[in-house]
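Enquirer: Here's a structure for you.
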Amino acid sequence: MTTEVTEQQPEKVEEVAKETPAAEETPATTEDTPADNGSTDATTPAAPAPAAVATEANSSDLEKKIMRQVEYYFGDANLNRDKFLQDQIAKDTDGWVPITVLLTFKRLASLSSDANVIAEACVKSDEGLVEVSEDKSKIRRHPERPLPEHNEERRKDIMSRTAYAKGFPLDSTMDLLLDYFAGFEKVVHINMRKYLDKPTKTYKFKGSVFVTFEKKEQAEDFIEKANPKYKDTQLIVKWQEKYIEEKREEQKTKTNKKKEKKEKEEENKINLPKRSVLFFDGAKDDLSRENIKEAITKVSTDWEIAYVEYNKGDKSGHVRFHEEDSAVKFLEKLEDKKLKINDDLTLELRTLSEEEETAFLEKAVENMKNRRNHFNQKKGGFNRKRRGGHNDRNDEKKAKTSDD
């Protein structure tokens, strides 16, 4: 008794939402065209037709491989999606396909290029899925074995008897897996799960399979009672439906974590407006921040001050506004770019060069983040205002809403 198998080349990124219950739902990456990808495939339907001749037991290994491969082509899994083979069948009113056409498939041709060898092997099959013409030049799916309707009900049925099994060596071949699963009743489909290895641009086996049984009870025995091992390795087995649900939850968790990380990065991102900083020079020892802010508001209250960078006793400092271009606009209101503090003191003002502004804003952002971290560590202990004469947390909140 043969087993339907699929050594699948999956899509580049195997998303769990695209994972499918069995062969009928897998992407068409098997030998469904003459220029196929060389995957190892074969098929066996669930029950033999009455007219089948049970001589498979006397067949050679090569003949069994040929049977398996041809029966894969005409099996439920492949034929339902194989446009090329469907077209070939449609060319003949009785559904016959020349063996010479089948020999354009790479895998079958690798087993034998002799049409007579192919015909003789298929005649010996005891599955009754395919029929060989009297002249042994053509093959068709047996008329008494119509292709089942491919619908949601059938998809669910396949999933209900499909298991996930992990723990096989990464260098496993389909033949080795077939030998292993021959010890279980009855496996009708094996799907080798693969991924695209980007450095080598080749598909590699993940070490796991989806294996579909003929009956749900057989799958249940495999999952819940068999305690299967491959050589000395205990296999991880579960229902395919459970595996897919777990992968969906895992993907959902990853997506949420990425979203939270992005939101946190946005939260921590501080954008300070450009052309919003004035440099002043000519200060005296008794000048304070409050003196500077009072002098600015006397000139205009159109632009809110974000921060005054100045320490008493310094000769120069900076004034940063909340709005973009506010430094330039404020400077236009001054006569000779001078800000009168009192009768004895007038400050010289100018805007920053692009290089100066970049360096200043970078340093300001760094200082704001440091203050934020300090605030978070001390949260709940106290609340105070900084020497700049404003609440730094409010300053950061406004800064984040400014254009970069």
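Enquirer: How much space per residue, in cubic angstrom, does the convex hull of the C-alpha atoms of region 270-359 take up?
Expert: Spread over its residues, the Cα hull of region 270-359 gives 95 Å³ apiece.
Enquirer: Treating only the Cβ atoms of Lys and Arg (+1) and Asp and Glu (-1) as charged, compute the dipole magnitude of region 179-242 about its Cα centre; round to the nearest 20 debye.
Expert: I would put it at about 480 debye.
Enquirer: Compute, for region 249-312, the length of the dipole vector about the Cα centre, with Cβ point charges of +1 (Lys, Arg) and -1 (Asp, Glu) only. Units Debye, rounded to 20.
Expert: My answer is approximately 460 debye.
Enquirer: As I understand it, the dipole of region 223-339 uses +1 on the Cβ of Lys and Arg and -1 on the Cβ of Asp and Glu, about the Cα centre. Which of VAL277, ILE292, GLY313 lies farthest toward its positive end?
Expert: Going by the Cα projections, it comes out as VAL277.
Enquirer: Keeping all protein chains in place, calculate the accessible area per residue for region 60-118 (probe 1.4 angstrom), answer in Å².
Expert: Accessible area per residue: 43 Å².
Enquirer: A further question on this structure: Which whole-Hz ³J(HN,Hα) couplings does region 322-336 yield from phi under the Karplus relation 6.51 cos²θ - 1.76 cosθ + 1.60, θ = phi - 60°, glycine and proline marked x?
Expert: Running phi through 6.51 cos²θ - 1.76 cosθ + 1.60 with θ = phi - 60° gives 7, 9, 5, 6, 5, 5, 5, 5, 5, 4, 5, 7, 8, 8, 6 Hz.
Enquirer: So, one more: Please compute the per residue accessible area over region 134-287 with all protein chains in place, 1.4 Å probe, rounded to a whole number of Å².
Expert: Computed with neighbouring chains in place, this is 61 Å² per residue.
Enquirer: Expressed as a whole percentage, what fraction of the accessible surface of region 172-243 belongs to carbon and sulfur atoms when a 1.4 Å probe is rolled over the protein heavy atoms?
Expert: 48
Enquirer: Convert 10 °C to kelvin, take the viscosity as 1.306 mPa s, use the Kirkwood radius over C-alpha pairs of region 164-228 as Rh, and evaluate the Stokes-Einstein diffusion coefficient in µm²/s, rounded to a whole number.
Expert: The diffusion coefficient I find is 125 µm²/s.
Enquirer: Would you mind computing, in nm to one decimal, how far apart the modelled labels at LEU331 and LEU176 are, each placed 7 Å from Cα along Cα→Cβ?
Expert: Result for the modelled spin labels: 7.4 nm.
Enquirer: Subtracting the Cα-Cα distance from 0.36 nm times the residue separation, let me have the gained length for ASP232 to GLU149 in nm, one decimal.
Expert: Result for the pair: 25.8 nm of gain on full extension.
Enquirer: Related question: Going down the table (LYS259/LYS369; LYS136/LYS204; LYS215/LYS247; LYS337/LYS363; LYS186/LYS242; LYS156/LYS231), which pairs top 27 Å between alpha carbons?
Expert: LYS136/LYS204; LYS156/LYS231
The values are calculated or read from the model by the stated rules, or taken from the named source; none is laboratory data. Please read all numbers here as calculations on a predicted model, not as lab measurements. In this analysis, Cβ positions are derived from the backbone assuming ideal geometry, glycine residues included, and neighbour counts consider all displayed protein chains. With ligands, DNA and RNA removed, areas are computed over all heavy atoms of the protein, side chains included. Shrake-Rupley method; radii C 1.70, N 1.55, O 1.52, S 1.80 Å.
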